[in-house]
Amino acid sequence: METIVVWLVDTIGRLGYAGIMGLMFLESSFFPFPSEVVIPPAGYLAARAEMNIFGVIISGTLGSLSGALFNYFIAYYLGRPFLMRYGKYLFLTRDRLDKVDVFFRNHGEISTFIGRLITVIRQYISFPAGLAKMNLLKFCIYTMLGAGIWVSILAYIGYIVGNNMTLVRQYSREAGIFLGIFIIFIVLIYCYFRIHRRRAS
């Protein structure tokens, strides 16, 4: 891990914001590349005045969006025909796929936003959104909101603790706990307004 971090600091230092975007594209697509080893080193470089912290956050968020769009369009154009043909081997029936469509029509925005804040899920939430053909503008907005929060947290951690991966992992875990509480709070508010709106109608 330490070797990877040193390489990332060197790579990001040489490639700059384009390097951050490229690495976050990988992290946000289905490649197993954790954001915890990309953004904190960039935050560390910002603390050394070698990069701008806002540039790190913007490029990281745009990289996340581009990777999410990559997954979205794969699912949008290839996913459903493939699953309709071979989904039975994965116990995915037409009825289940239709339920995914209905769910994302009703809850796509909140699911996309929250999914970007949860480890592992953030890499794959774009697939059901693409399968359900979620509105592209809404998908981009809620993806950027969720990704922007996560990237900002990691950039701040790197800015504070530097390239100490032990502290980065510790602070990332703690941030994950607070995000979990935040997610529960958001879901409760969302459910309250959904129920209230349904009763009013």
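Summary table below
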| read-out | value |
| --- | --- |
| Condition check for residue 168: on the phi < 0 side of the Ramachandran plot, of a type in the set (A, V, I, L, M, F, W, C) and out of contact with any Asp or Glu (no Cβ under 7 Å at 6 or more places or on another chain) | no |
| The stretch 99-132, subset of a type in the set (Lys, Arg) and assigned to a helix (DSSP H, G or I), residue farthest from residue 154 (Cα to Cα) | 99 |
| Among residues of the stretch 31-76, those that are aromatic (Phe, Trp, Tyr) and under 23 Å from residue 169 (Cβ atoms), counted | 3 |
| Tally, over the stretch 52-98, of residues that are surrounded by 13 or more Cβ atoms within 10 Å (Cβ to Cβ), outside any helix (DSSP H, G or I) and at pLDDT below 90 | 2 |
| Residue, nearest to the chain's Cα centre (by Cα), within the stretch 17-49, restricted to residues that are part of a loop (DSSP other than H, G, I, E, B) and modelled with pLDDT under 85 | 29 |
| Any pair with Cβ under 9 angstrom, 6 or more apart, that starts in the stretch 170-186 at a residue that is of a type in the set (Lys, Arg) and ends at one that is assigned to a helix (DSSP H, G or I) | none |
| Residue that is farthest from residue 12 (Cα to Cα) [pool: residues in the stretch 106-132 that are surrounded by fewer than 18 Cβ atoms within 10 Å (Cβ to Cβ) and not aromatic (Phe, Trp, Tyr)] | 106 |
| Any hit, the stretch 187-194, residues being in contact (Cβ under 8 Å) with a residue 12 or more places away in the chain and under 27 Å from residue 38 (Cα atoms) | no |
| Residues located in the stretch 145-172, provided they are of a type in the set (Gly, Ala, Ser), farther than 16 Å from residue 69 by Cβ and part of a helix (DSSP H, G or I) | 152, 155, 158, 172 |
| Selection status of residue 185, surrounded by fewer than 16 Cβ atoms within 10 Å (Cβ to Cβ) and at pLDDT 90 or above | yes |
| Residue selected from the stretch 133-144 under the condition farther than 11 Å from residue 64 by Cα and either assigned to a helix (DSSP H, G or I) or of a type in the set (Phe, Trp, Tyr) (or both), by the criterion nearest to the chain's Cα centre (by Cα) | 142 |
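The values are calculated or read from the model by the stated rules, or taken from the named source; none is laboratory data. No experiment lies behind these values; they were computed from the predicted model shown. Counting neighbours? That spans all protein chains shown, and the Cβs are built from the backbone with ideal geometry, glycine included.
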